[in-house]
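K.L.:
The structure is given below, and queries will be raised subsequently.
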Amino acid sequence: MRLRIGTRKSAMALAQTEEIARRLTAAAPDIDIEIVKFETTGDIDQTGKLLSHGGKGGAFVAEIRQAVRAGQLQAAMHSLKDMPGNEDTPGLVIGATLSRDPAGDVLVLRPGVSLDQLKISRGKGFKIGTNAVRRAAYARRLFPDVEMIHYRGAADTRVRKLDTLEKQRLPDGGAVGPADALVMARSGLERVGLASRIAYEFSSAEMLPAVGQGIVAVECAADDWATRRLLAKIDDLAARRCADAEREVLWVLNGHCNSPIAGLAMIDGTLMSLTASVLDEDGQRFIEVARSGPADRPRELGRAVGLELLAKGAAGIIERSRPK
């Protein structure tokens with residue numbers, strides 16, 4: 001069987017796709033796998049905010065998905081956190097979720113900047129770069145006087161720009177920076193061999209990760225049963241259940257790509273715990289809900305957490321952050 005897997009061209013995306021290929025080859029040695037590289041809209045435009053491309057879904061996912069729908073690919077690799085959770089994907093299904101990598105966020109510092117300096121100053125005089133509204137909101141809670149700046153690029157590109165004091169170009173022709181620190185996903189740094197640059201790892205209490213962070217998803221056509229049977233061989237049940245619970249929160253909240261929504265599910269035996277939060281861009285308004293339930297009923301738990309967040313006022317925060 002021949003399987004063409006679509007992926008972005010970044011070092012991290014290729015590393016994730018190669019991991020899928022290794023696992024599939026181990027599960028089905030006679031398979032012939034071809035990795036097809038895409039330069040997506042979000043990869044080409046390194047200055048604009050992702051919102052202008054329809055969020056991460058439009059910037060990083062849409063083109064590869066279309067190739068699957070057109071029959072040009074049998075599967076597509078996505079970081080689950082890039083996949084919109086508040087809308088259906090007609091004709092497509094997630095055929096496999098790989099076992100979860102570390103889900104948390106970390107701080108990467110420019111050489112010459114110390115963590116103690118950042119903490120003692122409460123961030124005053126420092127610039128932290130990120131493109132994620134969620135990360136910026138949490139960072140402002142931890143470092144109230146810091147300047148948050150828009151920062152784009154693949155994981156390795158962002159670290160290079162940090163080290164070389166490169167400014168981040170903006171759509172209007174201006175620039176911000178250089179950055180003194182970056183907030184990034186631990187899993188992404190590990191994938192591109194830059195784990196040694198981690199200066200501090202945020203606890204989930206300090207910075208709850210994005211829904212699906214650390215999970216690699218493999219998408220395929222819903223009616224392609226041969227591919228679905230193959231992908232089922234590498235599907236990790238625990239990761240799938242956590243993904244279902246977390247993404248159910250997104251569905252209930254109808255969050256958009258600019259919503260600062262976070263969520264993390266964890267399984268201990270037959271029990272699943274789920275914590276989710278909604279916070280405004282400056283980190284001042286903050287709602288968090290934590291519940292637990294049977295691990296084999298993840299969507300029910302996600303729905304309960306999402307509804308409790310709505311009852312506590314989450315809809316107002318989400319609406320205020322919605323693009324005008």
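The values are calculated or read from the model by the stated rules, or taken from the named source; none is laboratory data. All values reported here derive from a predicted model rather than from experimental measurement. Counting neighbours? That spans all protein chains shown, and the Cβs are built from the backbone with ideal geometry, glycine included. Just the protein is used for accessible areas: all its heavy atoms, side chains included, with ligands, DNA and RNA removed. Shrake-Rupley method; radii C 1.70, N 1.55, O 1.52, S 1.80 Å.
K.L.:
Look at residue 236 and say whether it is within 20 Å of residue 82 (Cα to Cα), touching a strand residue (DSSP E or B) at 6+ places or on another chain (Cβ under 7 Å) and touching a residue at least 40 places away in the same chain (Cβ under 8 Å). Spell out the reasoning first.
P.N.:
Working: within 20 Å of residue 82 (Cα to Cα): yes; touching a strand residue (DSSP E or B) at 6+ places or on another chain (Cβ under 7 Å): yes; touching a residue at least 40 places away in the same chain (Cβ under 8 Å): yes.
In short, yes.
K.L.:
Could you please find all residues in the range 232-254 being small (Gly, Ala, Ser) and either surrounded by fewer than 24 Cβ atoms within 10 Å (Cβ to Cβ) or more than 15 Å from the chain's Cα centre (by Cα) (or both)?
P.N.:
Here is the first cut: in the range 232-254, the residues small (Gly, Ala, Ser) are 232, 238-239, 243, 245.
Across the range 232-254, the qualifying residues are 232, 238, 239, 245.
K.L.:
Go through the range 275-324 and count every residue that is at positive phi and loosely packed, with under 14 Cβ neighbours inside 10 Å.
P.N.:
1
K.L.:
Could you identify the single residue in 188, 125, 129, 153 that is of a type outside the set (A, V, I, L, M), closer than 26 Å to residue 7 by Cα and at pLDDT 95 or above?
P.N.:
Going through 188, 125, 129, 153 in turn, the sole match is 129.
K.L.:
Among the residues of the range 196-228, which ones are aliphatic (A, V, I, L, M), open to solvent by 30 Å² or more (accessible area, probe 1.4 Å) and outside any loop (DSSP other than H, G, I, E, B)?
P.N.:
Selection gives 198, 199, 226.
K.L.:
For the range 155-181, give me the residue count where each residue is open to solvent by 40 Å² or more (accessible area, probe 1.4 Å), acidic (Asp, Glu) and in contact (Cβ under 8 Å) with a residue 40 or more places away in the chain.
P.N.:
Total meeting the criteria: 2.
K.L.:
Taking the range 1-40 as the search range and keeping residues that are open to solvent by less than 50 Å² (accessible area, probe 1.4 Å) and polar (S, T, N, Q), which one is nearest to residue 191 (Cα to Cα)?
P.N.:
Ranking the candidates gives 16 first.
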